[in-house]
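Notes follow once the structure below has been shown.
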Amino acid sequence: MKTLYVSDLDGTLLNDQQKISSCTNEIIEQCVDKGMLFSYATARSYYSAKPVTEGLKAKIPLILYNGTFVIDNVTHEIMISHYFSGKDIKEISSFFKQYEFYPIVYAFINGQEKFSYDINKATKEELDFVETRHDERKNSLFHDHELYMGDVFYISCIGPKSIMNTFYQHFKDQFHCLFSQDIYSHDWWLEILPKDVSKANAVLQLKEYLGCDKVVVFGDGLNDMSMFRIADESYAVENACPELKAIATGVIGHHNDDAVAKWLMAHYR
C-alpha cells in the first residue's frame with residue numbers, strides 16, 4: 001500500500017523561529033531516500049517557503065498557496081495549478097471598489113509571478129506585510145486599475161477584523177476563503193482563492209497523481225481542517241487549536257520538538 005504523508009508548515013513542521021530544524025530535515029530526507037512519499041502543504045508561496053525550509057533538498061512535491069499550486073521541490077515544475085476566471089476577477093474587483101479597498105493580488109504577469117499592491121491605497125497592515133517580503137515578486141503600483149492584471153490566482157486582504165469579516169461573509173459561498181488571525185503579526189487576514197482550491201483538494205489530486213492508496217496528514221490550525229477531514233489518518237501537534245485536535249486521529253508532540261519528523265521516524269517502514 002502506497003501512503004502519502006503531508007504536513008502543514010507554520011506551527012507544525014516549522015519551529016517558533018519559523019525554521020525547519022536540522023533534525024527534522026535529516027529524518028525526512030532519510031525517509032524519502034527509503035521511498036516515503038512526503039509533501040508539505042502551506043499558505044506560503046515557494047519564495048517564502050524556501051528560506052524557512054532551507055536544507056530540505058529531497059525531491060518532493062510542494063503544496064503552495066493553500067493548494068493553488070503543486071510544484072516539484074527540485075525542478076520547480078508546476079504539477080497542478082488553479083486560476084480565477086475573468087468573470088471572477090471582474091466581480092471581486094467591483095465589490096472591493098465599492099468599499100475603496102485594495103488587496104494584495106498575486107498573479108502571473110508575462111510568465112513571471114508577481115504580487116501587486118497600490119502603494120497609496122493599501123492598508124497599513126498590507127504595507128507592513130509587504131515590507132517583510134524581499135524578492136523580485138513585488139509589484140508596487142500607483143494606479144489601481146492595474147491591480148488585477150495577469151493570470152490571478154490568489155488575493156490577500158489584511159485589515160481590521162470587522163471589515164475582513166464583512167468581506168468574508170460576502171465571498172465565502174462563491175470562492176474558497178480563509179479568514180483568520182496571523183500567528184506571527186496577529187493581524188486579521190482574508191485569503192480568497194478559486195472555488196475548487198484547498199489543501200484538501202490538492203492532497204487528493206496529489207494522491208491520485210502519485211498513485212497512492214492512503215493519506216496521513218499533520219497540522220495545527222483551522223486551515224488544516226479540510227485536509228484532516230479527507231485523510232485516512234490525521235495528527236494534530238500539541239500546540240494545535242482545539243478544533244483541529246477534536247477531529248484528529250491523535251495528538252502528537254509539540255512543533256518545537258520535531259514532533260512530525262519523530263512520528264515519521266517511528267511509524268514509516
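The values are calculated or read from the model by the stated rules, or taken from the named source; none is laboratory data. Every value quoted in this text rests on a predicted model; they were computed, and no experiment measured them. Reconstructed Cβ throughout: ideal geometry from the backbone, glycine too, with neighbour counts over all protein chains shown. When the accessible area is computed, the model is the full protein with side chains, heavy atoms only, and any ligands, DNA or RNA have been set aside. Shrake-Rupley method; radii C 1.70, N 1.55, O 1.52, S 1.80 Å.
If you take the alpha carbon atoms of the range 28-172 and fit the smallest convex hull around them, that volume is 129 Å³ per residue. Among the GluC sites (Glu not before Pro) in the range 6-59, those located in a DSSP loop and surrounded by at most 16 other Cβ atoms within 10 Å of their own Cβ are 54.
About the Cα centre of the chain, how large is the charge dipole given +1 on each Lys and Arg Cβ and -1 on each Asp and Glu Cβ? Please answer in debye to the nearest 20.
Dipole about the Cα centre, nearest 20: 440 debye.
Between 67, 147, 46, whose Cα lies farthest towards the positive end of the dipole of the chain when Lys and Arg beta carbons carry +1 and Asp and Glu beta carbons carry -1, centred on the Cα centre? Farthest towards the positive end: 67.
As a calculated quantity, the FRET efficiency between residue 34 and residue 246 at R0 = 35 Å, using C-beta atoms, amounts to about 0.60. The chymotrypsin sites (Phe, Trp or Tyr not before Pro) of the range 105-177 meeting both criteria, a DSSP state outside H, G, I, E and B (loop) and at most 10 other C-beta atoms within 10 angstrom of the site's C-beta, are 142.
Computed about the Cα centre, the dipole magnitude for the range 1-119 is approximately 220 debye when only Lys and Arg (+1) and Asp and Glu (-1) carry charge, each at its Cβ. By DSSP, the beta bridges lying fully in the range 27-92 are antiparallel in about 80 percent of cases. What does the C-alpha gyration tensor say about the overall shape of the range 1-46? Classify as rounded when a/c is under 1.5, otherwise prolate if a/b is larger than b/c, or oblate. It comes out oblate by the Cα gyration axes. Of the trypsin sites (Lys or Arg not before Pro) found in the range 1-68, those in coil by DSSP whose Cβ has at most 16 other Cβ atoms within 10 Å are 2, 19, 34, 57, 59.
Sorted on the mean count of surrounding Cβ atoms within 10 Å across their residues, most packed first, peptides 200-206, 99-105 read 200-206, 99-105. Among beta bridges identified by DSSP and lying wholly in the chain, the antiparallel ones come to about 55 percent. Derived from the Cα gyration tensor, the three semi-axes of the equivalent ellipsoid of the range 117-269 are 33, 18, 16 Å, largest first. Counting only alpha carbon atoms, the long axis of helix 199-210 and the longest principal axis of the chain meet at about 50°.
Using Cβ point charges alone (K and R +1, D and E -1), the dipole size of the range 175-266 about the Cα centre works out to roughly 240 debye. As I understand it, the value is the acute angle between the Cα axis of helix 161-171 and the longest principal axis of the Cα atoms of the chain; what does it come to in degrees, rounded to 10? Helix 161-171 and the main axis of the chain meet at about 90 degrees. Rolling a 1.4 angstrom probe over the protein heavy atoms with all chains in place gives the chain an accessible area of 46 Å² per residue.
Helix 86-98 and the longest principal axis of the Cα set of the chain meet at an angle near 60°.
For the listed peptides 4-11, 72-79, 228-235, a ranking on the average number of other beta carbons within 10 Å per residue, highest first, reads 4-11, 228-235, 72-79. Counting every alpha-carbon pair across the chain, the share separated by more than 29 Å comes to 30%. With contributions of -39500 (n - 2.57) from each DSSP H run of at least four residues, the per-residue ellipticity at 222 nm computed over the chain stands at -9000 deg cm²/dmol. Restricting attention to the range 1-136, the count of lysine pairs at 8 or more positions apart or across chains with alpha carbons under 21 Å apart stands at 16. Ligands, DNA and RNA excluded, the heavy atoms of residue 3 present near 30 Å² of accessible surface to a 1.4 Å solvent probe. Which percent, to the nearest 5, of DSSP beta bridges fully inside the range 86-152 are antiparallel? Among the beta bridges of the range 86-152, antiparallel pairing accounts for roughly 65 percent.
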